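Following: one structure in structure tokens, then a few remarks.
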Amino acid sequence: MKKTTTSLKFLLDANFSPITAVFLRNLGFDATSILEQKLHYLSDEEVVKKAKKEGKIGIIRVRTKNQTPEHVNEILKKFLESSKLKADFGKQLVVIKETEIRILG
């Protein structure tokens with residue numbers, strides 16, 4: 001996948017490795033990890049509030065049996081290449097499973 005320039009901003013919850021934040025930044029996205037910010041103690045509700053305040057998409061979970069950063073990054077890459085990305089996510093939340101993507105307002 002080539003590097004992109006986009007206004008999409010991602011706030012990655014504590015279940016994501018900081019490696020995934022680096023992966024997204026290398027693709028040209030604004031990506032921040034809760035773990036990088038040492039905010040792992042935030043509740044899901046607080047993460048949602050923070051994501052909305054910062055105008056970021058808060059990805060709460062990539063639901064897959066294999067949670068290695070490499071596998072999660074591959075799933076994210078597929079999401080980013082999909083037509084779903086063309087939607088205006090604004091300050092919504094995205095929950096990604098291997099077989100579906102849910103966008104929550």
*Can you tell me which residues in the stretch 25-39 are more than 15 Å from residue 8 (Cα to Cα) and surrounded by 12 or more Cβ atoms within 10 Å (Cβ to Cβ)?*
34, 35, 36, 37, 39
*State whether one or more residues within the stretch 82-97 are at pLDDT 80 or above, small (Gly, Ala, Ser) and part of a loop (DSSP other than H, G, I, E, B).*
no
*Looking at this structure, is residue 33 within 14 Å of residue 101 (Cα to Cα) and of a type in the set (Gly, Ala, Ser)?*
no
*Scope the stretch 48-81; condition within 12 Å of the chain's Cα centre (by Cα), over 13 Å from residue 21 (Cβ atoms) and modelled with pLDDT of 85 or more; matching residues*: 75, 77
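The values are calculated or read from the model by the stated rules, or taken from the named source; none is laboratory data. Because the structure is a prediction, the values reported are computed rather than measured. As a convention, Cβ positions derive from the backbone with ideal geometry for all residues, glycine included, and neighbour counts pool all protein chains shown.
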